Amino acid sequence: MNVYLDNNATTIVAPQVFIEMEPYFVQKYGNPNSLHAYASDTHPGLKTAMEKIYAGINAPTEDSVVITACATESNNWVLKSIYFQQILNGDKDHIIVSEVEHPSVLSTVKFLENLGCKVTYLPINNEGIIEADNLSDMITDKTAIVSIMWANNETGAIFPIDEISQICKEKNVLFHTDATQAVGKIVVDLQSLNVDYLTFSAHKFHGPKGVGALYIKKGKELIPLLHGGAQMDGYRSGTLNVAAIVGMGKAMEMAAEAVESKKMDEVRRLRDEFEDNLLQIADTFVVTPREIRTPNTILISFRGVEGESMLWDLNRAGIAASTGSACASEDLESNPVMEAIGAEADLAHTAIRFSLSRYTTQEEIDYTLKAVNSAVLRLRGISSSYAYSPPESIDTGKENNGHR
Ligand code: C6P
């Protein structure tokens, strides 16, 4: 059996999304900016897709949603643009991010730091959550922008974006949120928050790869990313990737429906049941309480079991999971969130991320549970650092240590 539980890395393209995209490769392939029927053939599909994208995040129509190639691009653009606009001209010299942002934010601010920008890294608490009070104290009149992710890709922890956006508004500081792991999993309603910029990416919610977006609130204009033919309101020139935009529109519509229709509640139920069973294994830990996590994610540690070894065993059983962010999975470093919460060194290397989707089935979860049990048993059995427990303790479940 093959089981895909790495949906925070990327997702399967929904069949309906694929079907909607197809005509834009072979029939309606005109450049939307040309002046003939091939061009105008693309316009209704583009218009509908953009309407679905705006609706999916409840963005006011006067605001901009600029299509980019991915969340990485959106994150780079907003931070570098603010640097050029507000920091190079001398007014401000400070950016605040959390210490557990995705590398597309952390590497960008590191780059800006090397150019002279001052960066404050907001810590997370031992549940993997940001405390908004800490943010308030860190903002100064030199702060240009605060960039805090909506949901963490490793733990699924949902940060208090409402509170954070309110603090930024009160302190008159721009606020960007990387909502790549939130859109399609939980309600994202831009009309109920004070968000100035928001990043998302279609391939995280069953859309195609190579297409994402940056939402920009009216009045918070950025320096264009790509100068040229002035597509995308002049923000990002270049011929539009019509098929990808149509795909993102359909994927957004389906994801929003799934959140509203409680389909994501079924994902949550399956995730919770899976997690309850995993926690029956002795010496297991989950960082963030499930009530404040996205419904599909579990970051779990099995003491004495190296994350990479576990992945190897699971992969041989046809199961795809990860030790954390796909971008960092080849460097064999310990999980950065585990380090940020101050996990003991022997636990920091044991984290495994299971991320479900609305296509995950009960059968797949049951199969994975058995495979995890076998892997833990085998790997603890050959571990020099873990005192071997008899098999019964794994099958019947000792008192587990549960959430940290
Ligand atoms: N995280 C993960 O395994 P792209 O691929 O550029 O569209 O998305 C980048 C990105 C940005 N922000 C967050 C919060 C993300 O989770 C990701 C992608 C994947 O966790 C791949 S590294």
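The values are calculated or read from the model by the stated rules, or taken from the named source; none is laboratory data. On a predicted model such as this, the values are computed, not experimentally measured, just so you know. Neighbour counts run over all protein chains shown; Cβ positions are idealised from the backbone, glycine included. Note: areas computed on protein heavy atoms with side chains; ligands, DNA, RNA excluded. Shrake-Rupley method; radii C 1.70, N 1.55, O 1.52, S 1.80 Å.
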Does R269 count as open to solvent by 20 Å² or more (accessible area, probe 1.4 Å), more than 19 Å from the chain's Cα centre (by Cα) and farther than 15 Å from K185 by Cα?
-> no
Within region 98-120, restricting attention to residues that are open to solvent by 40 Å² or more (accessible area, probe 1.4 Å) and among the acidic types (D, E), which residue is farthest from G210 (Cα to Cα)?
-> E113
Being in contact with a Gly (Cβ under 7 Å, 6 or more places away or on another chain) and within 20 Å of A157 (Cα to Cα) narrows T284, T297 down to just T297
Looking at K47, is it assigned to a helix (DSSP H, G or I) and either touching a residue at least 60 places away in the same chain (Cβ under 8 Å) or surrounded by fewer than 17 Cβ atoms within 10 Å (Cβ to Cβ) (or both)?
-> yes
V337 passes all but one of (1) at pLDDT below 95; (2) surrounded by 20 or more Cβ atoms within 10 Å (Cβ to Cβ); (3) within 16 Å of the ligand (Cβ to nearest atom); (4) not in a helix (DSSP H, G or I); which number fails?
-> (4)
In region 101-122, how many residues are in a loop (DSSP other than H, G, I, E, B) and under 11 Å from D178 (Cβ atoms)?
-> 2
Among I95, I87, which is touching a strand residue (DSSP E or B) at 6+ places or on another chain (Cβ under 7 Å), more than 16 Å from the ligand (Cβ to nearest atom) and open to solvent by less than 10 Å² (accessible area, probe 1.4 Å)?
-> I95
Going through region 26-40 in order, the residues found to be without any contact (Cβ under 8 Å) to a residue 24 or more places away in the chain and open to solvent by less than 70 Å² (accessible area, probe 1.4 Å) are G30, S34, A37, A39, S40
Out of all the residues in region 194-237, which are within 22 Å of I164 (Cβ to Cβ) and of a type in the set (K, R)?
-> K204, K217, K218, K220
Checked pairs for region 125-146, first among the hydroxyl-bearing types (S, T, Y), second assigned to a helix (DSSP H, G or I), C-beta under 8 Å and 6 or more apart or across chains, list as S136/I167
Region 121-145, residues that are open to solvent by less than 10 Å² (accessible area, probe 1.4 Å) and within 16 Å of the ligand (Cβ to nearest atom) = L122, G128, I130
